[in-house]
Amino acid sequence: MTAPLLEARDLVKRYGGVEALRGAAFTAHPGEVVALIGDNGAGKSTLVQCLSGVERPDSGQVLVDGRPVVLDSPTAARAHGIETAYQDLAVAPDLDPAANLFLGRELRRRGVLGRLGMLDHTAMRAQAAERFAAFGVELPDLAVPTGSLSGGQRQSVAVARSVAWADRLVFLDEPTAALGVVQRERVLDVVRRVRDSGIAVVLISHNMPEVRSVADRVEVLRLGRRVARFRAAETSLEELVGAMTGALSQED
């Protein structure tokens, strides 16, 4: 069996006297949506931070393709094709969708104008249109401020930006939080398209019906440890809630 794309083994992370991770484990494989669930305080955010280079664990191993790696910054994670879209959207509302897609990776014009810092907005909008279309992101106009778009459209821009630069894996932290039904389905469709392109998607969500509808697998954290793993199609809401609350323990 091939090694997981991304794996965590026995991660421990302490903040003073608080032990946020107590030997946490996690696996993600290419071309799958794996949901990471757990009650508040389970350690989900800390685990994601350790796997995306925001935090360093105090002990344990992180492996990519079966080889130990050190993810000591988001830049180090990006070098392994790992990107993150956070719950707060992290889009610049005054910039247009294309500018948001290339935020921090802007294209400059050729020649002297580029050396003077002039950006190639035409090229960025053309490439952005292609990337948005590839993931089914429908936007009325790439030249309008992102803040003028609907919540679902803004979230789709945030997801697409992470996916556009994620060669291998993307973390999505509550990507449908506070969205309506139609907007939520649009974002989930983007998630499915990303998975079908071969990129691994790690979905952090409290919405159990959503998890079962889009995830291939589910990993459950409780009190800083992985306590259960399920095939999404073979589990029930009762099993998921039971694992989260401690009524059911499957792991270790």
- Message: Considering only residues that are surrounded by 24 or more Cβ atoms within 10 Å (Cβ to Cβ) and more than 14 Å from the chain's Cα centre (by Cα), which ones fall in region 154-205?
- Response: none
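Might you let me know whether region 157-180 holds any residue that is assigned to a helix (DSSP H, G or I) and at pLDDT 90 or above? Let's see the steps before the verdict.
Residues of region 157-180 that are assigned to a helix (DSSP H, G or I), as a first pass: 157-165.
Subsequent filtering for residues that are at pLDDT 90 or above retains none.
No, region 157-180 has no match at all.
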- Return only the number of the condition from (1) touching a residue at least 40 places away in the same chain (Cβ under 8 Å); (2) among the aliphatic types (A, V, I, L, M); (3) more than 24 Å from E219 (Cα to Cα) that A166 does not satisfy. (3)
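Can you find a residue that is farther than 20 Å from N40 by Cα and modelled with pLDDT of 90 or more anywhere in region 201-209?
We begin by selecting, within region 201-209, every residue farther than 20 Å from N40 by Cα; these are 201.
Next, from what is left, pick out any that are modelled with pLDDT of 90 or more: 201.
So far as region 201-209 goes, yes, one or more of its residues are farther than 20 Å from N40 by Cα and modelled with pLDDT of 90 or more.
Yes or no: A24 closer than 23 Å to L240 by Cα and part of a strand (DSSP E or B)? Before you say what the answer is, go through the steps one by one.
Details: closer than 23 Å to L240 by Cα: yes; part of a strand (DSSP E or B): yes.
In short, yes.
Yes/no matrix, rows are residues, columns are (1) out of contact with any Gly (no Cβ under 8 Å at 6 or more places or on another chain); (2) under 19 Å from Q153 (Cα atoms); (3) not charged (D, E, K, R):
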| site | (1), (2), (3) |
| --- | --- |
| L179 | no, yes, yes |
| D189 | no, yes, no |
| G198 | no, no, yes |
| V202 | yes, no, yes |
| V220 | no, no, yes |
- Sort out which residues of region 211-247 are open to solvent by less than 20 Å² (accessible area, probe 1.4 Å) and over 20 Å from H29 (Cα atoms), and write them in order of number. G224, L240, G242, A243
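The values are calculated or read from the model by the stated rules, or taken from the named source; none is laboratory data. Because the structure is a prediction, the values reported are computed rather than measured. Reconstructed Cβ throughout: ideal geometry from the backbone, glycine too, with neighbour counts over all protein chains shown. The area values use the complete protein model at the heavy-atom level, side chains included, leaving out ligands, DNA and RNA. Shrake-Rupley method; radii C 1.70, N 1.55, O 1.52, S 1.80 Å.
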